[in-house]
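Each remark here refers to the structure printed beneath this line.
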Amino acid sequence: MNQDLHTEAFREGKRAGLGIAAIAGSAVAFVSLLGIEKAMLAIVLAILAIRGAAPKSHTRRLAFVAIGLAMLYVVTFAVVMVLFHDKLGELIRLLQQMS
């Protein structure tokens, strides 16, 4: 019984760590330009954190916040790409000239 308690505590700690990593990844996606891969990683980490977590646990709430932040970034990224797609080519050309 004691071993089961330790195993479950370990698993819950692992899920909490994944949830915190997902929050950090989704927040970092907003800081960098073109951080879509960080947002996608945050979504994956959050899904891993949700799997097996108790229904009303802190880990589950963290994971859902991370998914929300990451999805907000993905939607913002998509809107910006659609609105400024003509400027994107110019930006890439200017960046190539700088290097």
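The values are calculated or read from the model by the stated rules, or taken from the named source; none is laboratory data. Given the structure is predicted, the values throughout are model-derived calculations rather than measurements. Cβ sites come from the backbone with ideal geometry, for glycine too, and all protein chains shown count toward neighbours.
Worth pointing out:
Matching residues to (1) over 23 Å from Arg15 (Cβ atoms); (2) without any contact (Cβ under 8 Å) to a residue 12 or more places away in the chain:
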residue	(1), (2)
Gly35	yes, no
Ala42	no, no
Leu48	no, no
Pro55	no, yes
Thr59	no, no
Leu69	no, no
Thr76	yes, yes
Val80	yes, yes
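- Checked against the criterion of being of a type outside the set (S, T, N, Q), on the phi > 0 side of the Ramachandran plot, modelled with pLDDT under 85 and not in a helix (DSSP H, G or I), region 49-63 has at least one qualifying residue.
- Here Leu69 passes the criteria (1) in contact with a Ser or Thr (Cβ under 7 Å, 6 or more places away or on another chain); (2) at pLDDT below 85 except the one numbered (2).
- Among residues of region 29-43, those that are surrounded by fewer than 16 Cβ atoms within 10 Å (Cβ to Cβ), modelled with pLDDT under 80 and outside any loop (DSSP other than H, G, I, E, B), counted: 2
- Flag if Leu88 is over 30 Å from Ile20 (Cα atoms), touching a helix residue (DSSP H, G or I) at 6+ places or on another chain (Cβ under 8 Å) and of a type outside the set (S, T, N, Q): yes
- Among the residues listed as Leu88, Leu18, Leu69, Leu5, the single one being in a helix (DSSP H, G or I) and in contact with a Leu (Cβ under 6 Å, 6 or more places away or on another chain): Leu18
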